[in-house]
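Inspection log for the structure reproduced underneath, given as structure tokens.
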């Protein structure tokens, strides 16, 4: 907690903070890039999950669909991490001290793992891919929800601001 | 009935009162709006990038569009319903907001671009026409997202 506080104070006085808060249009446009990357994750996960459910792309094997779209998710996550760091740098007292932000990070790890699990082996039953697809969709929706909720959640008592 | 009267009428509806009284309802609907809009943006951008010859090369354009259209419409329905609901929280504010008005206009233009594509561009199957349609669509949707984000900063 003290380390996180010191980090936030350091970030607030860093050149990165000065750079992203130097122009009023920069933070909204970084958010736009963040949203575009979320869209890349959403459509890629949707294609993988709908293939698993046997709804679309049924003319291609599941592993081909996963191999095509999982790298897009991973690439988009890199963009999301970079833009996320810039957004935190613009307002260090915000996300870091709200539980929902850390819940979001946990959900991202879980959602990525569950979505990637579609690519392992050829399950004998139809049930496993269906359950993975539903879990993946719910987890990614949870990520979006938690992300939006950072703006509404209360910060930890006595936290940096 | 003027736009101002409409705004006043909307702001006295039970939905408007529900939204302004609740501390969490607006945020929940906003989160669902983000889910819908990212589905629209992602699926449309995929078609646009294909039209520009950048992704899913060698795959049939008509089949790709047919495959993605249910995703686009589902996302659009979710975004339109949640977006309309959010307006009830502050009708006067939205109706007079530059970015809100601009966003609606850009949505109409994006719709026109789709009509032009299906009527004139797609039947001819020319490479240039596809690229122009894809480029216009991508530019419009990125601006729509940008305007949407700016509403939150200016209202």
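Regarding the range A:25-38, can at least one residue be identified that is loosely packed, with under 14 Cβ neighbours inside 10 Å and either without any contact (Cβ under 8 Å) to a residue 40 or more places away in the chain or part of a helix (DSSP H, G or I) (or both)?
Looking for residues that are loosely packed, with under 14 Cβ neighbours inside 10 Å and either without any contact (Cβ under 8 Å) to a residue 40 or more places away in the chain or part of a helix (DSSP H, G or I) (or both), one finds at least one in the range A:25-38, hence yes.
I'd like to check something: does the range B:144-152 contain any residue that is surrounded by fewer than 17 Cβ atoms within 10 Å (Cβ to Cβ), assigned to a helix (DSSP H, G or I) and within 14 Å of chain A (Cβ to nearest Cβ)?
Scanning the range B:144-152 turns up at least one residue that is surrounded by fewer than 17 Cβ atoms within 10 Å (Cβ to Cβ), assigned to a helix (DSSP H, G or I) and within 14 Å of chain A (Cβ to nearest Cβ).
Determine whether residue A:143 is surrounded by 18 or more Cβ atoms within 10 Å (Cβ to Cβ), without any contact (Cβ under 8 Å) to a residue 40 or more places away in the chain, closer than 29 Å to residue B:69 by Cα and in contact with a helix residue (DSSP H, G or I) (Cβ under 7 Å, 6 or more places away or on another chain).
In short, yes.
Which condition number does residue A:79 fail, the rest of (1) touching a helix residue (DSSP H, G or I) at 6+ places or on another chain (Cβ under 7 Å); (2) surrounded by fewer than 20 Cβ atoms within 10 Å (Cβ to Cβ); (3) within 14 Å of another protein chain (Cβ to nearest Cβ); (4) under 25 Å from residue A:160 (Cα atoms) being met?
(4)
Can you say whether residue A:63 is surrounded by fewer than 21 Cβ atoms within 10 Å (Cβ to Cβ), touching a residue at least 12 places away in the same chain (Cβ under 8 Å), more than 23 Å from residue A:21 (Cβ to Cβ) and within 14 Å of chain B (Cβ to nearest Cβ), as far as the supplied structure shows?
The answer is no for residue A:63.
Would you check which residues across the range A:34-49 are more than 7 Å from chain B (Cβ to nearest Cβ) and under 14 Å from residue A:140 (Cα atoms) and list them?
A:37, A:41, A:44, A:45, A:47, A:48, A:49
Tell me, which helices (runs of 4 or more DSSP H) lie completely within the range B:1-101 with 1 or more residues that are buried (at least 18 other Cβ atoms within 10 Å of the Cβ), free of Cβ contacts under 8 Å to residues at least 60 places away in the same chain and at the interface with chain A (Cβ under 10 Å from one of its Cβ atoms)?
B:25-51, B:61-87
Give A:90, A:14, A:24 a once-over and let me know the one that is at the interface with chain B (Cβ under 10 Å from one of its Cβ atoms), farther than 30 Å from residue B:76 by Cβ and over 14 Å from the mean Cα position of the chain (by Cα).
After applying the criteria, what remains is A:24.
Computed from the coordinates by the stated procedures, all read-outs in this text should not be read as laboratory data. Quick caveat: nothing in here was measured; it's all calculated off a predicted structure. No Cβ is skipped: glycine too gets one built from the backbone with ideal geometry, and neighbour counts run over all protein chains shown.
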